[in-house]
Amino acid sequence: MARSSRYNNKTWETLDRRTPEQKLWLAVLGAAAEDAVSMTKLDCTGQWRNDSVVHMDKEYFLNPNRNFYTVCQYAGLDPEYVQRKMRRALCQGK
């Protein structure tokens, strides 16, 4: 009998063992990453992002502080891995 190549959404949900809190912090980290690599000068509210804000968005990943490590911990991610991936993404965007 041939196996179906389709997947069941329920199956994917059971494979994701993250808690709701981890998913929330992962979304926070994802939003920060999106802001850091974004080339647009407008934020999600339509306000202009000045150069200092853009610089701070990138610095969050390039020179992480205690807050960065806490968010990664809450998200269930390795901070060094996240920083390494973001450095690569930010260097490619230059």
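The values are calculated or read from the model by the stated rules, or taken from the named source; none is laboratory data. Here the structure is a predicted model, which means the values were calculated and not measured. Here the Cβ positions follow ideal geometry from the backbone for every residue, glycine too, while neighbour counts run over all protein chains shown. All accessible areas refer to the heavy atoms of the entire protein, side chains included, with ligands and DNA or RNA removed. Shrake-Rupley method; radii C 1.70, N 1.55, O 1.52, S 1.80 Å.
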Quiz item: Within the bounds of the range 23-36, is there any residue that is open to solvent by 80 Å² or more (accessible area, probe 1.4 Å) and part of a loop (DSSP other than H, G, I, E, B)?
Solution: no
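Return the residue satisfying two criteria in turn: it lies in the range 1-22 and is outside any loop (DSSP other than H, G, I, E, B) and modelled with pLDDT of 90 or more, and of such residues it is surrounded by the most Cβ atoms within 10 Å (Cβ to Cβ). Explain how you work it out, then say what you get.
Step one: of the range 1-22, the residues outside any loop (DSSP other than H, G, I, E, B) are 9-15, 20-22.
Checking the rest, the ones that are also modelled with pLDDT of 90 or more come to 20-22.
Numbers: P20: 7, E21: 11, Q22: 16.
Result: Q22.
Kindly provide the set of residues from the range 41-58 that are among the charged types (D, E, K, R) and more than 21 Å from A27 (Cβ to Cβ), ordered by number.
K41, D51
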Quiz item: Quick one: would you say R66 is at pLDDT below 95 and open to solvent by 100 Å² or more (accessible area, probe 1.4 Å)?
Solution: no
Practice problem: Any residue in the range 60-80 that's under 11 Å from V28 (Cβ atoms): show its pairings with residues that are hydrophobic (A, V, I, L, M, F, W, C) and surrounded by fewer than 14 Cβ atoms within 10 Å (Cβ to Cβ) at Cβ separation under 9 Å, as long as the two are six or more apart or on different chains. | Solution: V71/V28; Y74/L24; Y74/V28; A75/L24; A75/A27; A75/V28
Practice problem: Report the residue count in the range 81-94 for those that are part of a helix (DSSP H, G or I) and free of Cβ contacts under 8 Å to residues at least 12 places away in the same chain. | Solution: 6
